[in-house]
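FYI, it's all coordinate maths here, none of it is from the lab. Just so we're clear, the structure is a prediction, and the values are computed from it rather than from any experiment. Cβ: placed from backbone, ideal geometry, glycine included. Neighbour counts: every protein chain shown.
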Amino acid sequence: MAKKKMTIPDFKRFKEEGRKFTLVTAYDYTTASIVDESEIEIILVGDSLGMIMLGYKETVPVTIEDMIHHIKPVVRGAPNTFVAGDMPFGSYEISIEKAVENAIRIYKEGGCDCVKLEGGAEYADTVRAIVKAGVPVMGHIGLTPQTAGSLGGFKVQGGTPEGARKLLNDAKKLEEAGAFSIVVECVPSGVAKALTESVSIPILGIGAGPYVDCQVLVTQDLLGMYGDFKPKFVKRYANIRRQMIEALNEFHRESLSGEFPSEEYSFNKEVEGFEIK
Ligand code: KIV
């Protein structure tokens with residue numbers, strides 16, 4: 001039986017009932033269709049596709065066109081999973097009008113169920129305007145990779161009393177502005193717990209410890225596909241990269257030895273009246 005696609009009211013109910021859920025990334029049709037067959041409740045087409053699919057060193061170069069190009073096949077591949085689409089760097093900072101216009105483009109052309117944007121209290125008015133325009137918004141605070149440079153790099157955020165208080169204020173302002181959930185990235189577990197208990201919308205934690213409403217991981221990280229780099233918070237549930245390399249080498253070896261393709265994989269019927277003289 002196909003799984004039931006979750007909705008924003010479902011996520012609100014999960015929070016009220018204390019039921020945990022999960023979010024992973026996908027950037028293409030095949031991966032999305034695999035996630036769709038699993039129990040995972042949310043797919044994020046994150047701008048992490050900049051590194052994982054496009055080979056950039058960071059998320060900054062990712063464009064709206066890149067996002068829409070990747071959101072579309074994910075939506076086609078995962079008809080039974082709620083899909084979030086990231087707003088890339090430069091698409092929501094210039095003005096509120098531009099942010100609304102770009103959010104509508106991603107939502108309408110991509111066909112996803114919400115957009116996600118990075119930033120706290122300073123983006124509350126932007127979030128409010130996008131929600132008012134009819135596009136559901138997922139917030140993202142803590143370590144915000146698009147502006148990691150100004151945060152001093154890829155570091156744990158909210159590790160001081162002032163930092164923790166700022167995150168609390170950010171979460172409350174985003175909730176007031178109408179965000180239906182908030183990704184909290186790389187913060188101490190105790191701070192993530194305080195955030196989870198202080199707002200009535202789900203907190204989706206990545207590197208934020210166990211006391212959040214939803215655990216988030218990048219699919220390629222949890223499946224062990226991306227390479228050797230592994231942040232502390234990533235648990236590898238498989239080593240698919242190694243299995244892929246082994247399968248490719250096996251194909252290479254059998255092709256060179258003639259073991260592949262055997263009769264089983266060949267069209268053996270003679271063609272009547274055809275012979276090379
Ligand atoms: O782009 C992304 O994959 C993300 C997750 C890390 C939450 O924003």
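Projecting the Cα positions of Ile96, Gly77, Asn169 onto the charge dipole of region 8-234 (unit charges on Cβ atoms of Lys, Arg, Asp and Glu, taken about the Cα centre) puts Asn169 furthest along the positive direction.
Between the listed residues Phe274, Pro202, Ile40, the Cα displaced farthest toward the positive end of the dipole of the chain, a dipole computed from Cβ unit charges relative to the Cα centre, is found at Pro202. Simple point charges give the picture: +1 on the Cβ of Lys and Arg, -1 on the Cβ of Asp and Glu, and for the chain a dipole about the Cα centre of about 1000 debye. Please give me the summed charge of the neighbours of Pro210: other residues whose Cβ is under 10 Å from its Cβ, Lys and Arg +1, Asp and Glu -1. Summing Lys and Arg as +1 and Asp and Glu as -1 gives +2. Listed by chain and number, the lysines placed with their C-alpha closer than 19 angstrom to that of Lys235 are Lys20, Lys155; residues fewer than eight positions away on the same chain are left out. Helix 64-77 and the longest principal axis of the C-alpha atoms of the chain enclose an angle of approximately 60°. Note on Lys98: lysines with a C-alpha under 23 Å away, same-chain residues under 8 apart excluded, are Lys72, Lys108, Lys116, Lys132, Lys173.
Between Met244 and Ser150, the simple label model (points 7 Å from Cα in the Cβ direction) yields a spacing of 3.5 nm. About the centre of its Cα atoms, region 202-254 shows a dipole size close to 180 debye [charges on the beta carbon of Lys, Arg (+1) and Asp, Glu (-1) only; nearest 20 debye]. Computed packing ranks the peptides 209-221, 134-146 as 134-146, 209-221, most packed first, by mean other Cβ atoms within 10 Å. Within region 18-72, the trypsin sites (Lys or Arg not before Pro) that combine a DSSP coil assignment with at most 10 other C-beta atoms in a 10 angstrom radius are Lys57.
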